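The values are calculated or read from the model by the stated rules, or taken from the named source; none is laboratory data. Note that the coordinates shown come from a computational prediction; the quantities given were computed from them, not determined experimentally. Note that each Cβ is placed from the backbone with ideal geometry, even for glycine, and that neighbours are counted across all protein chains shown.
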Amino acid sequence: MAKTPPRPVGRPHRIEVIAPEGLELIVRDEIRRLGSVARPERDAPPGVIPMDYAGELRALLGLRTAQSVYIVRAFPVPRPKALLGDEHFRAILALIERVRRLHPPGAFATLFLSAAGAESAVLTRLKSELAASTGLSVGADDGDLLLRLRRAASGEGWELLVRLSPRPLATRPWRVCNREGALNGAVAHAMALLTAPGPDDRFLNIGCGSGSLLIERLLAGPARRAFGCDIDPAALECARANVAAAGIAARCELHPWDATRLPLHDSSIDAICADLPFGHLVGSHAENLTLYPAILAEAARVARPGSHCVLLSHEVRLMERLLDGRPEWGLHSLLRIDLGGLHPRIFVLERQA
Ligand SMILES: C[S@@+](CC[C@H](N)C(=O)[O-])C[C@H]1O[C@@H](n2cnc3c(N)ncnc32)[C@H](O)[C@@H]1O
């Protein structure tokens, strides 16, 4: 699971990594594994990890817990109009070219500029001149090449950020089938890491839906066995398509099991992950009142003592109440995350002996 640290390649780049809010520490850990080439800073708004980075830009595209990564360039200009001047305009084109070279030809077709006043005459001209010089077309409300322009935090000058990838990194290429309530790839990867994965694990993804947690667990490293189960046949079909696209079909098993009555032996599972029905898009609060205790009891039966069970849920009070009455599960840690404006928790539980 350890990656070879990339070599320093010269003057550091100014980089901003966007993390799922609440999971910054996990993203920092992943950045740290890039080696001494990265120096993430602590003082930043939630979900933002600024850093000086002296490694290969390409290595940043491999960050699996990040939402997206931007390269940042400061322009000591009083107003954006100055960016149309020859020297600054060339610097912007050089930055864009550097990003485009990370991908095969044709990966970027459209560009989009996000900025306060993006529709002003000056920024409209900047967009169309950039489009003309890069051969890209200006996207209506999104673009493969995503540029952000903002005032520098110091208040002096402006900063241009260019996203390093044509899609956010959290948008996974394996997702060929989507479902209501499907989990963000970066969050799924972080949850898989929170199970403390090891190559001998027998891993179980309860209520696997489209397969996000199962796939991200196997992309994080090998496992002895990896099971995904769901009672909904359409979910399993969707998971099957995604698992095949991820190239891991031979390494996992998908079953129509009911998570409250698993055909598995006692203590036979080393790690469990689930994104439980929140009761909004999937399931209902009334159903959760019976589903959650049944799942917690069955998970405790099949989990090996000492193993981790990582559960994402928006039913915070219900979970806390149930865990109070279940000494089989110790609360190892609790993370509050931001998931599209909702604030569910990741409960990292440890099966007590
Ligand atoms: C929030 S969704 C999971 C989404 C999934 N993580 C994804 O990325 O697509 C919850 C899933 O739990 C499944 N589920 C609900 N009750 C279940 C049960 N008793 N046994 C197994 N799966 C169940 C639902 O069919 C649904 O697919």
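Out of everything in segment 264-289 that is over 26 Å from Asn178 (Cβ atoms) and at pLDDT 95 or above, what residue ends up being nearest to the ligand (Cβ to nearest atom)?
Leu264
Of Arg150, Arg167, which residue is in contact with an Asp or Glu (Cβ under 7 Å, 6 or more places away or on another chain) and free of Cβ contacts under 8 Å to residues at least 40 places away in the same chain?
Working: Arg167 fails: in contact with an Asp or Glu (Cβ under 7 Å, 6 or more places away or on another chain).
Result of the check over Arg150, Arg167: Arg150.
From Arg98, Arg73, Arg90, which residue is surrounded by fewer than 19 Cβ atoms within 10 Å (Cβ to Cβ), at pLDDT 95 or above and in a strand (DSSP E or B)? If you could, list the steps in order and put the result at the bottom.
On the way: Arg98 fails: in a strand (DSSP E or B); Arg90 fails: in a strand (DSSP E or B).
After ruling out the rest, the residue left standing is Arg73.
Could you check segment 301-313 and list, in sequence order, the residues that are in a helix (DSSP H, G or I) and either within 12 Å of the ligand (Cβ to nearest atom) or crowded, with 20+ Cβ neighbours inside 10 Å (or both)?
The answer is Val302, and nothing else.
Any chance segment 243-263 includes a residue that's surrounded by fewer than 17 Cβ atoms within 10 Å (Cβ to Cβ), near the ligand (Cβ under 9 Å from one of its atoms) and within 26 Å of the chain's Cα centre (by Cα)?
So far as segment 243-263 goes, no, none of its residues is surrounded by fewer than 17 Cβ atoms within 10 Å (Cβ to Cβ), near the ligand (Cβ under 9 Å from one of its atoms) and within 26 Å of the chain's Cα centre (by Cα).
Across segment 193-218, which residue is nearest to the ligand (Cβ to nearest atom) among those that are touching a Pro at 6+ places or on another chain (Cβ under 8 Å) and over 21 Å from Leu23 (Cα atoms)?
The extreme case among them is Gly207.
Is there a residue in segment 245-264 that is assigned to a helix (DSSP H, G or I) and over 25 Å from Asp200 (Cβ atoms)? Reasoning before the result, please.
Within segment 245-264, the first condition is being assigned to a helix (DSSP H, G or I), and the residues that meet it are 245, 249-251.
Narrowing further to those that are over 25 Å from Asp200 (Cβ atoms): 245.
The answer is yes; a qualifying residue exists.
Pull up segment 219-235, narrow it to residues that are surrounded by 21 or more Cβ atoms within 10 Å (Cβ to Cβ) and among the hydrophobic types (A, V, I, L, M, F, W, C), then point me to the one that is farthest from the ligand (Cβ to nearest atom). Write out each step before concluding.
In the first step, residues of segment 219-235 are kept if they are surrounded by 21 or more Cβ atoms within 10 Å (Cβ to Cβ); the result is 223, 226-230, 235.
If we keep only those that are among the hydrophobic types (A, V, I, L, M, F, W, C) too, we end up with 223, 226-227, 229, 235.
On the way: Ala223: 17, Ala226: 14, Phe227: 11, Cys229: 6, Ala235: 4 Å.
Within segment 219-235, the match that is farthest from the ligand (Cβ to nearest atom) is Ala223.
From the list Leu349, Leu331, exactly one residue is under 24 Å from the mean Cα position of the chain (by Cα), free of Cβ contacts under 8 Å to residues at least 24 places away in the same chain and surrounded by 13 or more Cβ atoms within 10 Å (Cβ to Cβ). Which is it? Give the steps one after another, and end with the answer.
Details: Leu349 fails: free of Cβ contacts under 8 Å to residues at least 24 places away in the same chain.
That would be Leu331, the only listed residue that is under 24 Å from the mean Cα position of the chain (by Cα), free of Cβ contacts under 8 Å to residues at least 24 places away in the same chain and surrounded by 13 or more Cβ atoms within 10 Å (Cβ to Cβ).
Confirm whether Leu296 is over 19 Å from Leu213 (Cα atoms) and in a helix (DSSP H, G or I). Can you show your working first?
Values: over 19 Å from Leu213 (Cα atoms): no; in a helix (DSSP H, G or I): yes.
The answer is no for Leu296.
In segment 107-120, is there at least one residue being touching a Leu at 6+ places or on another chain (Cβ under 9 Å), at pLDDT below 95 and exposed (fewer than 14 other Cβ atoms within 10 Å of the Cβ)?
Yes.
If you check Glu180 against the conditions, is it in contact (Cβ under 8 Å) with a residue 12 or more places away in the chain, under 30 Å from Asp232 (Cβ atoms) and not in a strand (DSSP E or B)?
Details: in contact (Cβ under 8 Å) with a residue 12 or more places away in the chain: yes; under 30 Å from Asp232 (Cβ atoms): yes; not in a strand (DSSP E or B): yes.
Here the answer is yes, as Glu180 does meet what is asked.
Looking at segment 308-353 only, could you name the residues that are at pLDDT 95 or above, of a type in the set (Gly, Ala, Ser) and within 26 Å of Asp200 (Cβ to Cβ)?
Hits for segment 308-353 are Gly330, Ser333.
Among the residues that make up segment 200-212, is at least one of them assigned by TED's automatic domain parsing to the domain that holds Glu320, under 23 Å from Glu350 (Cα atoms) and surrounded by fewer than 21 Cβ atoms within 10 Å (Cβ to Cβ)?
The answer is yes, given that some residue of segment 200-212 is assigned by TED's automatic domain parsing to the domain that holds Glu320, under 23 Å from Glu350 (Cα atoms) and surrounded by fewer than 21 Cβ atoms within 10 Å (Cβ to Cβ).
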